[in-house]
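To keep things clear, I will list the structure first and then write my remarks on it.
The values are calculated or read from the model by the stated rules, or taken from the named source; none is laboratory data. These numbers were taken from a predicted model, which means no experiment stands behind them. We place every Cβ from the backbone using ideal geometry, glycine too, and count neighbours over all the protein chains shown.
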Amino acid sequence: MLRELTVADVTERYRDWLLEPEAKKNISATTDSLSELVQYVADRTQREDVLFLGIFDLLSGLHVGNLKYEPVNTELGYAIVGVLIGEVEYRGRGVATEVLVASTAWLKENRQINQFLLGVWKANLAAVRAYEKAGFKLAETPLLPNRPPEAPVMILNL
Ligand SMILES: CC(C)(COP(=O)(O)OP(=O)(O)OC[C@H]1O[C@@H](n2cnc3c(N)ncnc32)[C@H](O)[C@@H]1OP(=O)(O)O)[C@@H](O)C(=O)NCCC(=O)NCCS
């Protein structure tokens, strides 16, 4: 289940996701301080051009990860996406693919966004595979210029 994140979702468990080695290596978390993380989420939940979603297990309600669209540029019709499946035992079960497919379709339908972009470390094979399964392809774009070859851009056009 996906819903907008709130500051009440910022728990020590969420903070600990950012300290896990795979997450540390692959996402650019700005902080691992709980109070700064509350501020980080609070800032984004107020912004019109950010969609910050929590991913929850439908049965248990457990918060297992986050999906962030920042910015959502409704003028130019594109959004930059980032995903973290924080609970390690939820990785490799198709969660990232499922939430990407559902949320990109929602943004197309409701916000007229038809291009989704992200930068990914080539060595992050699970991420590249998850994005490919959701329809993303390696591509170049002036919206994310001068990418190093080891961290290319992937794009989904809907
Ligand atoms: C990358 C990440 C988002 C993927 O989420 P996920 O829910 O595990 O992804 P999915 O299960 O939808 O797909 C992962 C695919 O990669 C494959 N995979 C996993 N580990 C792999 C590896 N080491 N080498 C190759 N493929 C791998 C899985 O088998 C699966 O493919 P398949 O369905 O064809 O078998 C998640 O692992 C994560 O949050 N990692 C830490 C943070 C991160 O890297 N975020 C992305 C930054 S760009």
**OP:** Just give me the residues in the range 92-110 being touching a residue at least 40 places away in the same chain (Cβ under 8 Å) and surrounded by fewer than 19 Cβ atoms within 10 Å (Cβ to Cβ), in sequence order.
**Re:** A102, A105, K108
Original post:
For the range 127-147, how many residues meet the condition of being touching a residue at least 40 places away in the same chain (Cβ under 8 Å) and near the ligand (Cβ under 9 Å from one of its atoms)?
Top reply: 2
Original post:
Is one or more of the residues making up the range 106-119 among the β-branched types (V, I, T), within 15 Å of the ligand (Cβ to nearest atom) and at pLDDT 95 or above?
Top reply: no
Original post:
What are the residues in the range 120-142 that are closer than 16 Å to E22 by Cα and not in a loop (DSSP other than H, G, I, E, B), if any?
Top reply: L125, A126, A127, V128, R129, A130
**OP:** Tell me, yes or no, whether the range 127-148 has at least one residue that is within 16 Å of I55 (Cα to Cα) and surrounded by 15 or more Cβ atoms within 10 Å (Cβ to Cβ).
**Re:** yes
Original post:
For the range 23-38, how many residues are free of Cβ contacts under 8 Å to residues at least 60 places away in the same chain and in a helix (DSSP H, G or I)?
Top reply: 6
